[in-house]
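So the structure is just underneath, and the comments pick up after that.
The values are calculated or read from the model by the stated rules, or taken from the named source; none is laboratory data. Please read these numbers as outputs of a predicted model, since none were measured by experiment. Every residue, glycine as well, gets a Cβ built from its backbone with ideal geometry; the counts of neighbours run over all protein chains shown.
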Amino acid sequence: MREVHLDLAVIGGGPAGLAAALEARRQGLEKVAVIERDIELGGILQQCVHDGFGLHRFGRRMSGGQYAQAFIDEVEAGGIMTECRTMVLRVSGDKKIYAVSSHKGMTLYHCRAIILAMGCRERTRNQIFIYGARPSGVLTAGTVQRYINMEGYLPGKKAVILGSGDIGLIMARRMILEGMEVEGVYEVMAHPGGLTRNIVQCLEDYDIPLHLSTTVSQIHGQERLEGVSVARVDQQRRPVKESERYIPCDLLVLAVGLIPETELARGAGIKINPLSNGPEVDQDFATSVPGIFAAGNLVAVFDLVDYVSATGETAAKGAARYLENPKAAHPRAYRVNTGENVSLAVPQIVYEGQAAQDLSLFLRVKQPGPKAALICACAGRELSRKKERFVAPPEMLAAKVPAGTFIGADLLLEIKGE
Amino acid sequence: MDRESILKLVGNDGRFAACQVECSLSPDGIATVWGAADTWRQVVDIGHLVARQPDIVNVVNRLRARGIEIAPQDKSGAIAAARRLGVRAEADIVIIGGGICGCAIARALARYQARIILLEKNSDISEETTKANNGYIHAGHRAAPGTLKAKLNVEGNAMYDQWHEELNFPFLRCGQLNVARTEKDMRALEKNHADGIANKVPGIRLVSAQEAKELEPALEGEIVGALLVPSLAVVEPYSVCIALAENAVSNGVDLWLNCEVLAIDLDSSSRTEAVVTEKGLIKTGWVINCAGIYADEIAAMVDDQFFSLHPRRGGIAIFDKQVKPPYKRSVSVPAPAEQKDEESKGGGFSFTPDGNILAGPSALEVPDKEDKRVEAQDIDYAYSRGAAAYPGLRRQDIIAMYSGVRAADYKEDFIIAMSGKIDGFINVAGIQSPGLAAAPAIARMVEVIVKESRAGQNNPLRLRTDFNPHREKPVEFRHLSLEEQDRLIRRNPAYGRIVCRCEQISEGEILDTIRSPITPTTVDAVKRRVRAGMGRCQGGFCQPKVVEILARELGREWTEINLKGRHAYILARKSREEGL
Amino acid sequence: MRKVTVTCIVCPSSCRVSVREGGEGLEISGHQCRRGLEHARNEVKNPMRMLTATIAVTGADFNLLPVISSAEIPKKMLIPCLRTVYGLRVQAPVKEGSVILRDVCGTGVDILAARTITRAPAG
């Protein structure tokens, strides 16, 4: 068995992992490797041919591949070991990684620190309980994207899309531009799941209707999909039978949410947070297992790639600090709690003391609304307040604890109307 | 029993007041009912009511439910086309249906010097009822004593060890603990126990509440007592079927896939002469009808339909492997609101040999034999039974749902016999649960029927000397040690390319199965053989990869690779083929 | 006189901005800020869009190369430009940012490779 000794192994060569590896080198770590299961770096960005990436970081509108390329070029020039076509089978709590590849067989990586950056996967029809027959022609948006953008095949002629998250909207436009028909986009919630920009440029530009508070209630067809039933939903998001109508189509695209890929993390004994469904992390993005960090959509689904890269950098800084003194005891830990109109907060743990630098806290709003304030409070004292013109669940928000602030109790994140 | 008393019986039953029922009774005890009912439930209930009367051998039920029309397919065009193809093959034995029975019988008869053709209308074996059950190798305590079911269940269960040894499919004799929460539950278990003793179920015994908790420490809540059934086992049903079929094919059985039977020709002395299939005619002396839910329609082709099959749908939920089974055994706990179907019980909490928790199946009478939908009521039932046994089970951890239809007749027993009218035509029908458990015994019984038939006595089948009962164990990368995995990859790098990340299935395993005696040609066929796509992402990541491998290895276009069956295409066309 | 409603995408407020096209130019209402006003005017007078697509590539591990326009193009030119782009075919290797097609359909905008694709190893 091949054995490799590393200062830091990054599992996953997507936007979080690439940013983490680069930052780790900037922090002076010597032996850094990125382990990637695909044949190349870039992760899911490589199938995102649409633009809209990198506005925050690069100040221009890039496609997914361009955003990835900017990092890949730097990684390849930066003395970082890249292990592509390598599938990690197991991560142990004592920081050993077992991975296989066809060209190197089994490799055991002995790591001083690890950053997990495996991203997320899509929810399927079973996980949202769409009943009916089980024909072909029911695919997740990411799989459709793979077939169309990477392989050059169209998985249907006429599509219905369930879910108005950005992936669903982007795929609606892509399918139209590839010569397919898109009957409509259906969204079980009362508000759209994706950005307004995508509603306008992916749906309205092509006269694709968006049906809110509506879901797919039945799938029809023995072999290939023949059609779907759609129905309005009640307050509890259950389909109302009387409102059901039949739509003939041969493709149902599911854009119904993403789930962090936590299998390796669980295997290493890392604690999973029930709100984010990802590993619970502290302000350095350290997990519950010492020396193992997590970043990107594995921690929580961030939507915005710039945030994903930022968490990779935070985790890398944390890993570098950890390696300076792995035995160092943490100060007293406090929770970051979710308060009014907040559904999720990342990180979940902060430490007592003066914040050495600005601390970013990511949060997601529950109910959309105009003129809101993001408030971070500690023991009843407001640490920061940020005004937002409009808040909506599709966009992850970031609150700040300014450098120098003393943290001496649990933090509370709230979003209040003004 | 005569025609009038049957009509009176139905007429006097308040449930059927609005039904118009006609009836005839043949001298050999076959009742035929027809007319109209209001609901499908009534159609089924009348069938059962008549079948339960003394001297009634079986029931042909032609009743219709108002408003439910299942149009029969017109096959005359296909039959004419098939006849134009002429005789394409000659066989001693033709087996119709590549489910568990057809494949088990094919393998049993492959020991003999006989030309055997196994016909399957789908693009793969095990694609219907066999693949969609909970994989129980039942012990035999649930079948009524004295039935053929009970006898073959207990015999078949005991034969599984040898099958497992010879055929190398995943098999776990985990045993079952049936738990009683109330005195009423306990009475039911005592009845099961008595039936089990009568049926000669090995090792079955009632245990105290205390012993039950010692056997399964994870059991929670009030327990009155329990019934321990050590001989229950679990398998992946399709794995058993595939192993049997591969071994049969290795021993010379000819498997014709994508080949539906359209008609059966008889000679002047009412012997089977030829099977008319969509690939042409096959001359044969024996026809073995293992056509599952369509076995009644195959019997009708030789004008000897003496039973009707009514599909009883069962929906199953599979849970994420991250949720570990808390018990060593299959544990059955009555759900608070159990489905009240007098003829059939649904299944409860179980797990697969690979470690997924499985709940169900439900049991619901449906009019359409093709109704393999999963509906909320199926999963509500399956989940409630699963959660009754393991309260920690969460609905959100369900990763897959599917349904199958049980091929039940109205006597609710197996029909395994030579036709009384047509020499050479053997029915293996009404094989519902515990058909999977009984399959080895069913195959042995059919073997005897063939040998003892008139043709068999005139021209005895001789054993082959070169029959090989062994099927090699396929490589299962995920179950190997790290050192074994390393060595394997060095020998063949394809095992180092993980295609299905959820189940950790390598390209090497997929290539192995493509080169196996029965080449899978669809994505689902690959899934049933190696588990690629069976994990929590349900093929979201690996499906394009499997399509690519299949297309490459079979020399086909990507667009020619189906998800399953014969028409379930995945890709409509190459992009840019039509202008924008 | 034409009246259209533009959904503003400048910020998450997603204002519905009304634009009336009369004899004296545009009459715009419903916006909350200057940028919204600008956006609505542009959307009515000369809406612009980025073009992203894939084109055929040979000699690589992949069949398709993603491409992107160097700047926005008039929305009405999107489909004609795509028709042209879909006809393009390149040979690996290709470097990200390299010009695949200059001045697509007279828009003055170039079509660029949106990633680097190396040549596939032989065999």
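Residues in the range C:35-58 that are hydroxyl-bearing (S, T, Y) and more than 9 Å from chain A (Cβ to nearest Cβ): how many?
Total satisfying the criteria: 1.
Yes or no: B:A263 in contact with a helix residue (DSSP H, G or I) (Cβ under 6 Å, 6 or more places away or on another chain) and in contact (Cβ under 8 Å) with a residue 12 or more places away in the chain?
yes
Can you tell me how many residues within the range A:391-407 are surrounded by fewer than 18 Cβ atoms within 10 Å (Cβ to Cβ) and either in a strand (DSSP E or B) or in contact with a helix residue (DSSP H, G or I) (Cβ under 7 Å, 6 or more places away or on another chain) (or both)?
Total satisfying the criteria: 3.
Taking into account only those residues within the range B:166-204 that are of a type in the set (D, E) and farther than 30 Å from B:V475 by Cα, which is surrounded by the fewest Cβ atoms within 10 Å (Cβ to Cβ)?
B:E183
Taking into account only those residues within the range A:92-107 that are outside any strand (DSSP E or B) and facing chain B (nearest Cβ under 7 Å), which is farthest from B:R497 (Cα to Cα)?
Applying the filter and picking the extreme gives A:H103.
Here is a list of conditions, (1) under 29 Å from C:T54 (Cβ atoms); (2) out of contact with any Cys (no Cβ under 7 Å at 6 or more places or on another chain), and A:I39 meets all of them except one; can you say which number that is?
(2)
Can you find a residue in the range B:71-93 that is more than 30 Å from B:E273 (Cα to Cα) and under 32 Å from the mean Cα position of the chain (by Cα)?
no
For residues that are assigned to a loop (DSSP other than H, G, I, E, B), touching a strand residue (DSSP E or B) at 6+ places or on another chain (Cβ under 6 Å) and within 14 Å of chain B (Cβ to nearest Cβ), scanning just the range A:73-91, find the one that is farthest from C:E96 (Cα to Cα).
A:T86
Looking at (1) closer than 22 Å to A:Y67 by Cα; (2) out of contact with any Pro (no Cβ under 8 Å at 6 or more places or on another chain); (3) crowded, with 16+ Cβ neighbours inside 10 Å; (4) not aromatic (F, W, Y), which is the one condition that is false for C:S98?
C:S98 satisfies all of (1) closer than 22 Å to A:Y67 by Cα; (2) out of contact with any Pro (no Cβ under 8 Å at 6 or more places or on another chain); (3) crowded, with 16+ Cβ neighbours inside 10 Å; (4) not aromatic (F, W, Y) except (3).
Residues to consider are A:P347, A:P394, A:P402; find the one that is closer than 23 Å to A:G312 by Cα and touching a Phe, Trp or Tyr at 6+ places or on another chain (Cβ under 7 Å).
Unique residue meeting the criteria: A:P347.
Of all the residues that make up the range A:357-392, how many are within 14 Å of another protein chain (Cβ to nearest Cβ), charged (D, E, K, R) and out of contact with any Leu (no Cβ under 6 Å at 6 or more places or on another chain)?
4
With the structure loaded, tell me whether B:D354 is under 29 Å from A:G257 (Cβ atoms), charged (D, E, K, R) and touching a strand residue (DSSP E or B) at 6+ places or on another chain (Cβ under 6 Å) or whether it fails that test.
no
If you check A:R123, A:R112, A:R146, A:R134, which single one turns out to be facing chain B (nearest Cβ under 10 Å), in contact (Cβ under 8 Å) with a residue 40 or more places away in the chain and touching a helix residue (DSSP H, G or I) at 6+ places or on another chain (Cβ under 6 Å)?
A:R146
Quick grid of which residues meet (1) surrounded by 23 or more Cβ atoms within 10 Å (Cβ to Cβ); (2) in contact with a helix residue (DSSP H, G or I) (Cβ under 7 Å, 6 or more places away or on another chain); (3) not small (G, A, S):
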position: B:E370; (1), (2), (3): no, no, yes
position: B:A388; (1), (2), (3): yes, no, no
position: B:R394; (1), (2), (3): no, no, yes
position: B:A408; (1), (2), (3): yes, no, no
position: B:F414; (1), (2), (3): yes, yes, yes
position: B:I422; (1), (2), (3): no, no, yes
position: B:A429; (1), (2), (3): yes, yes, no
position: B:Q432; (1), (2), (3): yes, no, yes
position: B:L436; (1), (2), (3): yes, yes, yes
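Check every one of the strands (runs of 3 or more DSSP E) wholly within the range C:1-58 and list those with 1 or more residues that are touching a residue at least 40 places away in the same chain (Cβ under 8 Å).
Qualifying strands (runs of 3 or more DSSP E): C:2-7, C:52-58.
Hey, which of the strands (runs of 3 or more DSSP E) in the range A:184-262, taking only ones fully inside, have at least 1 residues that are surrounded by 18 or more Cβ atoms within 10 Å (Cβ to Cβ), more than 14 Å from chain B (Cβ to nearest Cβ) and at pLDDT 95 or above?
Result: A:214-220, A:227-232.
Every residue in the range A:122-158 that is farther than 30 Å from C:T58 by Cα and assigned to a strand (DSSP E or B), please.
Of everything in the range A:122-158, those that are farther than 30 Å from C:T58 by Cα and assigned to a strand (DSSP E or B) turn out to be A:E122, A:Y131, A:G132, A:S136, A:V138.
Considering only residues that are assigned to a helix (DSSP H, G or I) and more than 9 Å from chain A (Cβ to nearest Cβ), which ones fall in the range C:59-85?
Within the range C:59-85, C:K76, C:M77, C:P80, C:C81, C:R83, C:T84, C:V85 meet the criteria.
Find all pairs meeting these conditions: Cβ atoms under 8 angstrom apart; at least six residues apart or on different chains; first residue within the range A:50-62 and within 12 Å of chain C (Cβ to nearest Cβ); second residue among the polar types (S, T, N, Q) and part of a loop (DSSP other than H, G, I, E, B).
none
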